[in-house]
C-alpha cells in the first residue's frame, strides 16, 4: 500500500476524504521557525489539535491567556477561534525534555472545537481514525 506523501493539500481535498493523504513535508520547510504544539483539553484530556508556535505566538498566548499559534500556511499569527468563535483559554503550557515541542492545556470557551462540523455539530480535529489493514480513514465517532 502507498501513502500519499506529496499529494496536494487543501481543505477540499483532505477534510472530507477517507483516503490517507499525509503531509510529511510541512515541517521540513519551517523547522527552524516554529515548534509543534499539542493542544489538550485541560478537563477531559482529549487531544484537540496539533498546531505550531513561534516565539511571537507563544508570547501572545501567554499575554492573552488564549491559544495563539503561527499559521504556517498563511505565515501570520493565528488567534484560534477569532473567526469561528471557538476560542480556548490557556490554562498551562508544558515543555518537553528536549525543548522542541509544547503542550497547551486549554479550556474551550464554547462547545465548538474545530472549524469542521457534521450535521451542524462541531467536530474535534481528530474525528477520523486509520484502519490498519486498508489505510483508509473512518469516522471515529461512529461505533
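The values are calculated or read from the model by the stated rules, or taken from the named source; none is laboratory data. The shown structure was predicted, so the numbers you read here are calculated from the model rather than taken from an experiment. Neighbour counts run over all protein chains shown; Cβ positions are idealised from the backbone, glycine included.
For the subset of the stretch 84-109 comprising residues that are out of contact with any strand residue (DSSP E or B) (no Cβ under 8 Å at 6 or more places or on another chain) and free of Cβ contacts under 8 Å to residues at least 12 places away in the same chain, which member is surrounded by the most Cβ atoms within 10 Å (Cβ to Cβ)?
99
In the stretch 112-130, is there at least one residue being modelled with pLDDT of 90 or more, over 23 Å from residue 33 (Cα atoms) and buried (at least 18 other Cβ atoms within 10 Å of the Cβ)?
If we filter the stretch 112-130 for residues that are modelled with pLDDT of 90 or more, which is where we start, we get none.
Checking the stretch 112-130: not a single residue is modelled with pLDDT of 90 or more, over 23 Å from residue 33 (Cα atoms) and buried (at least 18 other Cβ atoms within 10 Å of the Cβ).
Could you tell me whether residue 48 is surrounded by 13 or more Cβ atoms within 10 Å (Cβ to Cβ), in a strand (DSSP E or B) and modelled with pLDDT under 90? First the steps, then the outcome.
Values: surrounded by 13 or more Cβ atoms within 10 Å (Cβ to Cβ): yes; in a strand (DSSP E or B): yes; modelled with pLDDT under 90: yes.
Taking the combined requirement at face value, the residue satisfies it.
Residues are listed down the side, and each one gets a yes or a no for (1) at pLDDT below 85; (2) surrounded by 11 or more Cβ atoms within 10 Å (Cβ to Cβ); (3) out of contact with any helix residue (DSSP H, G or I) (no Cβ under 7 Å at 6 or more places or on another chain):
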position	(1), (2), (3)
14	yes, yes, yes
37	no, yes, yes
58	no, yes, yes
69	no, yes, no
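With the requirement that a residue be in contact (Cβ under 8 Å) with a residue 40 or more places away in the chain and either in a strand (DSSP E or B) or over 19 Å from residue 33 (Cβ atoms) (or both), what does the stretch 51-79 give you?
Initial filter on the stretch 51-79 (in contact (Cβ under 8 Å) with a residue 40 or more places away in the chain): 53, 58, 61, 72.
Hit for the stretch 51-79 is 53, nothing else.
Yes or no: the stretch 27-34 includes at least one residue that is part of a strand (DSSP E or B) and either more than 19 Å from residue 110 (Cα to Cα) or out of contact with any helix residue (DSSP H, G or I) (no Cβ under 9 Å at 6 or more places or on another chain) (or both). Reasoning before the result, please.
If we filter the stretch 27-34 for residues that are part of a strand (DSSP E or B), which is where we start, we get none.
The answer is no; no qualifying residue exists.
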